[in-house]
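Have a look at the structure below before the remarks.
The values are calculated or read from the model by the stated rules, or taken from the named source; none is laboratory data. Everything quoted here is computed from the prediction, not taken from an experiment. Heads up, the Cβs are rebuilt from the backbone with ideal geometry, glycines too, and the neighbour counts pull from every protein chain shown. When the accessible area is computed, the model is the full protein with side chains, heavy atoms only, and any ligands, DNA or RNA have been set aside. Shrake-Rupley method; radii C 1.70, N 1.55, O 1.52, S 1.80 Å.
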Amino acid sequence: SSASLRILASMPSRTIGRSLGAIISQYCNRTARLRRRSSRPPLQQLCHAARPSLRQYDLETDPIRATLEEKRRLLVKELLSLSPSQCSHMLLTMPLSLAEKHILRRQLSGQRGPLRQHTHHWAPFSSCGWSRVCVGLVCTEAGRAPVQAPAPLLSPFSSPQGCRGLWYRLLSLLRTAQPGHYALKQIGGRFGSSVLSYFLFLKTLVMLNFFSFFILLAFVVVLQAMYPTASVSPQPFTGLELLTGAGYFTHSLLYYGYYSNVTLNDHCTSSPQGNVCPLAAPLLPYNLPLAYLFSVGVCFLVTCILLVYSVSRSFRESVGSSTGDLAIKVFCAWDFKVIQRRSVKLQCENICTQLKELLGEQRSRSRSQSRCQCLRRCVIVLLAWLLALGSVSGCVLAVHYFSEHMHVGSGRWQQEAILLVLPFVVSLLNALMPHLYNLLAVWEKQDSPVTQVYVAIIRNLILKTVVLTVLCYQWLSRSVICSTEECWETCVGQDLYRFMVMDFIFTLLDTLFGELIWRLILEKRLKTKQRPEFDIARNVLELIYGQTLTWLGILFAPLLPAVQMLKLLLLFYIKKTSLMRNCQSPRQPWQASRMSTMFITLLCFPSFLGAAAFLSYTIWSLQPSETCGPFRGLETIYESGKRWVLVLEKSNPNITWFAWVYQHLLENSCLLFFMSVALIAVIYFNIQVVTGRQRVICLLQEQIANEGEDKVFLIQKLHSVYEQRHR
């Protein structure tokens, strides 16, 4: 009604009922007041031909300046007198149409061109001066927005926004230089955030393995390569070692048995009376066994810190509700800085996919079921879980049977073939069982694809966790096939290497037969346009399984993180190529806002925590090999730290405090207990903070909804007041 329009017109944020000339005049006066606030000349020094704004005429009431063109021209003059940042901010805040703002910007750029040529007369510069000018010009050009007019170049160094823009562009170039940067954008735009979360998780694993590999390479592997041990003659390389990890690789830097227990840079000699050290002996000898132990410990410590940080950051980013996300995507998702045609196309696909995900989530929430349907679903889910747990029990029995009844053959080829049986069986079970779980998911008919992925991840996680527990028990009980001249640690490292290689081979076979050949069958034989979908749960669990094998074997094979890095990089490009050529986007688009948090959490607690417990038991309780390895002749690996502290205390009595700290803090189990409690407390409080923020966000959303209802209520009341006055 007209009364409501009058109420809305009286609001300060509205410009209903005002002419374009009135708006331009108002901002012309505001610009003049802003300029006079900084520097205003005395009014007596102004002539009668000065601008009316300087003589404090009101342009809205001046009859001589009443035309629109004159007001626009005066506004342009006033804007020219402002700084570039003030001019840009003033144009952004004007309640004018984009066409009118475009006219103003064009007039500003037309008048600034001759102004630059007229006011700038460059004096001859030195080479340093010209370099400064060029840097300033680059900064100014880099900071200029593509839709705005160029700023007046009063000085090449008067634009901090330009230097800031150059810095942002350099950061964007560094981000673009990262491997797979454009591929991730392409995957997110075409397949959505659910598939993209897999590749982001893969990049996180590459980063974790890089840190572990760098630490071990710098402090252990390089030094051992510089001072090689007098080992047995290596066997000839046949190529089969790439699968088995034995043969040529047995006596190499890849495994535990090659590393020695010497102290580098040590001139002390042993005698019946004890160690005799010359006066010129070095002060800091390098104890290689101690470096080996501490490097593994630092790797796990750095990985733990990175994982806890990643979990906390993922929890912080996943805070919030999806209520209102649809409106935000519709009105605020476009990035106006994107100008390249390829980037524009990618952004369009990304926004369309995100809108499909949000609509799919809202549709799944709006479905309701009757009591009979709920009871029927509960029975089906219970039967499916019984079948899944029964299949896990059968897999565990099969793994235990094959591990107990493997015997070494007489020939070399038979020996290496026997070594590949158990990894082949385990990898075959890990490849076949997810397809059985997918059939159970089709039978269950989950409404939400997120719930379906969660259930599949939990079932696959139970399978892999139980199988790895059985294998770890056999490795700790030393029931592995190993010759007498080899360390049992080397044999465990070879087993883990074979499991990693066999897992990679089965991943490639699954990509070939499950995606490529299945797509060809669907297109060529069945004549359908459908393609296989990317199984997120199975692929993510394969990554977690491979990373768990790496953490389990980092003590027995120090170069295993390098093998895992190479495997992950190959997987990234193979999976990306297969995804683009063979797979289709999900039939039910869904948003993976909390999937990355779940992936990192599963990597942290079942995987990393289990590997840390396995290695802790190995270091503190098991006796190392007596003939090879850096800890030969010791009761436990942990005893090397004790001996080092005793030697350090005898050699230098001034550092007895360090021995006291080591005995009362590091050897005390209470410290480990308190550190574990502190870590759990930090994670618990972080989760509580995230939950509290979610509740606050929900309350704020309710308050925003109530504010909107308050506005409607006030408008209705004002409307009734206007009607009463009109009567």
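Miscellaneous remarks
- Checked against (1) closer than 30 Å to residue 291 by Cα; (2) surrounded by fewer than 19 Cβ atoms within 10 Å (Cβ to Cβ), residue 492 passes all but condition (2).
- Residue count for region 356-372 under the criterion of being at pLDDT 80 or above and either open to solvent by less than 80 Å² (accessible area, probe 1.4 Å) or among the polar types (S, T, N, Q) (or both): the result is 0.
- Out of 672, 679, sole residue that is open to solvent by 80 Å² or more (accessible area, probe 1.4 Å), hydrophobic (A, V, I, L, M, F, W, C) and assigned to a helix (DSSP H, G or I): 672
- Per the listing 666, 646, 672, the residue uniquely at pLDDT 75 or above and out of contact with any strand residue (DSSP E or B) (no Cβ under 6 Å at 6 or more places or on another chain) is 646.
- Here the condition is being in contact with a Lys or Arg (Cβ under 9 Å, 6 or more places away or on another chain), at pLDDT 85 or above and closer than 25 Å to residue 615 by Cα; of 501, 426, 466, 470, it holds for 501 alone.
- Residue in region 563-585 that is more than 23 Å from residue 206 (Cβ to Cβ), buried (at least 22 other Cβ atoms within 10 Å of the Cβ) and modelled with pLDDT under 90 present: no
- Selection count where residues are crowded, with 18+ Cβ neighbours inside 10 Å, over 21 Å from residue 553 (Cβ atoms) and of a type in the set (Gly, Ala, Ser), scope region 592-639: 3
- Among the residues of this structure, residue 495 counts as one that is in contact (Cβ under 8 Å) with a residue 40 or more places away in the chain, in contact with a Pro (Cβ under 8 Å, 6 or more places away or on another chain) and more than 30 Å from residue 580 (Cα to Cα).
- Selection from region 610-659 of residues that are of a type in the set (Asp, Glu) and assigned to a loop (DSSP other than H, G, I, E, B): 626, 635
- Criterion applied to 59, 104, 54, 34 was being assigned to a helix (DSSP H, G or I) and either open to solvent by less than 40 Å² (accessible area, probe 1.4 Å) or at pLDDT 80 or above (or both), and the one residue passing it is 104.
Conditions (1) of a type in the set (S, T, N, Q); (2) touching a Pro at 6+ places or on another chain (Cβ under 9 Å); (3) modelled with pLDDT under 85, marked per residue:
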residue	(1), (2), (3)
284	no, no, yes
294	no, no, no
299	no, yes, no
305	no, no, no
317	no, no, yes
320	no, no, yes
325	no, no, yes
